[in-house]
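Only one structure is covered here, and it is reproduced in the block below.
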Amino acid sequence: MNRKKQLTLALIGTLTLSATAAPAKPNIIVIMADDLGYGDLSCYGAATFKTPNIDKLAAEGLKFTSGYCSASTCTPTRYSLLTGAYAFRKPGTGIAPPNGHLVIDQDTLTLPDLMKKAGYQTGVVGKWHLGLGEKGKGPDWNGELKPGPREIGFDYHFLLPTTNDRVPQVYVTDSRVLDLDPADPLWVGRKKPSPDHPTGVSHRDTLKMDWSHGHNATIHNGISRIGFYTGGEKARFRDEDLSDKWVEKSNAFIEANKDKPFFLFYASHDIHVPRIPHERFQGVTPHGFRADSIVQFDWTVGKIMKTLDRLKLTENTLVILCSDNGPVMDDGYKDEALEKLGEHKAAGPFKGGKYSLYEGGTRTPFITSWKGHIPAGSSDKIVCTIDLAASLAGLTGTPVPETACGDSKNVLPALLGKADAKGRSSLIQQDNGGRGNFGYRSGNWKLTKHAKKSARNTVVSKTLTNTKVPEFQLYNLAKDPAETTNLIAEHPEEAKRLKQELQALIEAGHSR
Ligand code: NG6
Ligand code: CA
C-alpha cells in the first residue's frame, strides 16, 4: 500500500471512529450553583481564591461569556429551566415561601419528562425551591409530599425543600421527609407557635450567625430562619453537612445508573445564605464564608467529576454548569461578605446582581463539557438555562410538541461549540417577576424596563436598596458591558425597535 493510501485509510478510520463513537444518548448532568456571580470562579476572573475543579471543566470544555439564567432570583430560573417557559408568563412563580405549593403544573411537559421519553433515568439532588403539594394546600410535611419532583418527571429526588434560610431543615426523598419520627411530627407555619418559642429576636445573643434583615424566626443549628417550625428533631440536618450530602447522593445516583443513560440535576445550595460551609472549608479564602462556600461548591464538582472518571463515563457524559441568579453580598445574615469582599468582583465586569435586571443579575458562569465532543475554548454565543429543554431534546432526538417549552430554543450547536453555531439572537431577562420589570437583550443592544422606576442595588450596597432609574434605558453591551451610559436619547430608533420586540414577545405568550 502506498503512503498516500495508507494515510487516507487512517484518516477514514479516525473519522469513522469518531462518528460511531459519538453516543446518541450521553449522560447529562446539569450543575446549578445558587447565587454564583459571573466573576465568582477563577476561570471567570476571580483572582484571590481558586476553583480548580471548575477551572478544569472550563479548560477542557466551553466557557460561555454570554451564558444566562432566565431570572435574577431562584424560583423563576428553576421554573424556566424545567419547563422551558419564561416564568413571567405564569404568575406565582416568584421566590417560593416555606409552605409554598408546587408551582409547575403536573400536565406540563418538563425537561425531565423529555429526558424520560428519550429513555433516561432522571434524578434531582440538592435545592428544590419550586414548592411541594397541591395549590391551596401546600406541603403535607408529615405525609406524602405530592405533587413534587416525581410528579413532574424525576424518577429520583433527594432534596432540601426550599432554601436553607427558610424552614424546615430536613431532607425530602421518596416524597417524604427523611427520618421523620411520627411521634415527633413536623409543624411549619408563618406565625410563632407559642409565646415562649425561641426566635432570632428573643434569643439573638445565642446565635452563631446573626441576621441583618428578615431571617429572625425559628432557630435551628444556632441560625434563625424565615418562618417557624417545631418537631421533626431527628430529621433535621446541620447546614455544614449539606454539600457532603449532595456529593454522596449525586455519586450514588450516577453509580446506580452507570449502565443506562441518566439525567442528573445537581442543584447545589452553595453559595446561598446562610453561608455555612463545612468546618474544613471555613477560612480557606480571605473573603469569609461567601467565597469559602464557592471553594466548597468547586470541591463538590470535583468529586462528581472523579466519579465519572472512575466509572469511565467522562467521554459519555455532557456536563453543564450554571447558576440560578447573580451575586448578592448581604442577603439577610451578617456573614461579612461585603466587609471582606476586598477587590473581588463577584459580578465580574457587570452591573447589578441578584434581584437586578442589569447583566449582573442573569449573566452568570455557564460551562459545557463533554470530553472528545466539545472543543476546548470559549464562546460568546448567547445561551440561557431556559434553552436546555429544547436543546437536550434536540441532542437526544426527542420531539418537542409545539405547545410545550414555549420559550426554549434549541441552541445545541452553540452548547457543543459547533463552528456554525448561532445561539440566541435575543433574550428576555426578568427579576423575581410580578412587577412589570424586564431586561431585553437583542444582539448587543440591551433595553431595561423598570416599571416602578426603581432598581435593586445588591452587590455594592450593604443592604438591599433601591436606586431611582428611568423607566427605559438602552445600553450597547459590546462597548459598555457595565451598562454605565444610557443611550436612549442618542438611539431612539434602536430603543423603539427593542421596546416593540419585547412587547411583542410578551404578548405572543411564547417565543419558540
Ligand atoms: C428573599 C430573602 C433572601 C433570599 C431570597 C431568595 C429576606 C429579607 N430576603 O426574600 O434572603 O432568601 O428571598 O433567594 O427575607 S433565592 O436565591 O432563593 O431566590
Ligand atoms: Ca438563588
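The values are calculated or read from the model by the stated rules, or taken from the named source; none is laboratory data. Here the structure is a predicted model, which is why all the values come from computation and not from measurement. Heads up, the Cβs are rebuilt from the backbone with ideal geometry, glycines too, and the neighbour counts pull from every protein chain shown. The accessibility values were calculated without ligands, DNA or RNA, using every heavy atom of the protein model including side chains. Shrake-Rupley method; radii C 1.70, N 1.55, O 1.52, S 1.80 Å.
See the values below:
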item	result
Top-ranked residue in the range 193-211 [being in contact with a strand residue (DSSP E or B) (Cβ under 6 Å, 6 or more places away or on another chain), in contact (Cβ under 8 Å) with a residue 24 or more places away in the chain and part of a loop (DSSP other than H, G, I, E, B); ranked as nearest to TRP141 (Cα to Cα)]	PRO193
In the range 61-96, residue farthest from LYS354 (Cα to Cα) [restricted to those that are over 18 Å from the mean Cα position of the chain (by Cα) and in a loop (DSSP other than H, G, I, E, B)]	GLY61
Any hit, the range 386-404, residues being buried (at least 19 other Cβ atoms within 10 Å of the Cβ) and touching a His at 6+ places or on another chain (Cβ under 8 Å)	no
Odd one out for HIS450 among (1) touching a strand residue (DSSP E or B) at 6+ places or on another chain (Cβ under 7 Å); (2) touching a residue at least 24 places away in the same chain (Cβ under 8 Å)	(1)
Residue in the range 261-268 that is open to solvent by 10 Å² or more (accessible area, probe 1.4 Å) and not β-branched (Val, Ile, Thr) present	yes
Hits in the range 43-60 - residues which are of a type in the set (A, V, I, L, M, F, W, C) and either over 20 Å from the mean Cα position of the chain (by Cα) or more than 14 Å from ALA291 (Cβ to Cβ) (or both)	CYS43, ALA47, PHE49, LEU57, ALA58, ALA59
Residues of the range 412-434 satisfying the condition of being touching a helix residue (DSSP H, G or I) at 6+ places or on another chain (Cβ under 6 Å), away from ligand 1 (no atom under 16 Å from the Cβ) and part of a loop (DSSP other than H, G, I, E, B)	ALA421, GLY423
Verdict on GLY123 being in contact (Cβ under 8 Å) with a residue 40 or more places away in the chain and not in a loop (DSSP other than H, G, I, E, B)	yes
Residues located in the range 48-100, provided they are open to solvent by 10 Å² or more (accessible area, probe 1.4 Å), of a type in the set (S, T, N, Q) and in contact with a Gly (Cβ under 8 Å, 6 or more places away or on another chain)	THR48, ASN53, ASN99
Answer residue from the range 443-464, given it is of a type in the set (A, V, I, L, M) and not in a strand (DSSP E or B) and is modelled with the lowest pLDDT among those	VAL460
Residue match in the range 130-143 (condition: open to solvent by 10 Å² or more (accessible area, probe 1.4 Å), assigned to a loop (DSSP other than H, G, I, E, B) and within 16 Å of ligand 1 (Cβ to nearest atom))	no
Lone unmet requirement of (1) modelled with pLDDT of 95 or more; (2) touching a strand residue (DSSP E or B) at 6+ places or on another chain (Cβ under 8 Å); (3) not assigned by TED's automatic domain parsing to the domain that holds ASP387 for LEU416	(3)
Unmet criterion (only one of (1) surrounded by 24 or more Cβ atoms within 10 Å (Cβ to Cβ); (2) among the hydroxyl-bearing types (Ser, Thr, Tyr); (3) away from ligand 2 (no atom under 16 Å from the Cβ)) for THR362	(3)
Selection within the range 336-357 - farther than 19 Å from VAL383 by Cβ, over 15 Å from the mean Cα position of the chain (by Cα) and open to solvent by 10 Å² or more (accessible area, probe 1.4 Å)	GLU336, LEU338, GLU339, LYS340, LEU341, GLY342, GLU343, HIS344, LYS345, LYS351, GLY352
Near pairs, Cβ below 7 angstrom, 6+ apart or cross-chain, from the range 488-512 (open to solvent by less than 60 Å² (accessible area, probe 1.4 Å)) to any residue that is acidic (Asp, Glu) and not in a helix (DSSP H, G or I)	SER511/ASP407
Test: ILE294 is outside any helix (DSSP H, G or I) and either surrounded by fewer than 24 Cβ atoms within 10 Å (Cβ to Cβ) or within 22 Å of the chain's Cα centre (by Cα) (or both)	no
Count of residues meeting criterion [aliphatic (A, V, I, L, M), crowded, with 21+ Cβ neighbours inside 10 Å and either free of Cβ contacts under 8 Å to residues at least 40 places away in the same chain or outside any helix (DSSP H, G or I) (or both)] in the range 228-260	0
Filter result for LEU102 (in the same structural domain as HIS272 (by TED's automatic domain parsing), at pLDDT 95 or above, assigned to a loop (DSSP other than H, G, I, E, B) and within 16 Å of ligand 2 (Cβ to nearest atom))	no
Hits in the range 89-115 (condition: within 15 Å of ligand 1 (Cβ to nearest atom) and in contact (Cβ under 8 Å) with a residue 24 or more places away in the chain)	THR93, GLY94, ILE95, ALA96, PRO97, PRO98, ASN99, GLY100, VAL103
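Residue-wise test of (1) under 16 Å from VAL170 (Cβ atoms); (2) aromatic (Phe, Trp, Tyr); (3) outside the structural domain of LEU159 (by TED's automatic domain parsing).
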site: SER224; (1), (2), (3): no, no, yes
site: GLY231; (1), (2), (3): yes, no, yes
site: PHE253; (1), (2), (3): no, yes, no
site: PRO261; (1), (2), (3): no, no, no
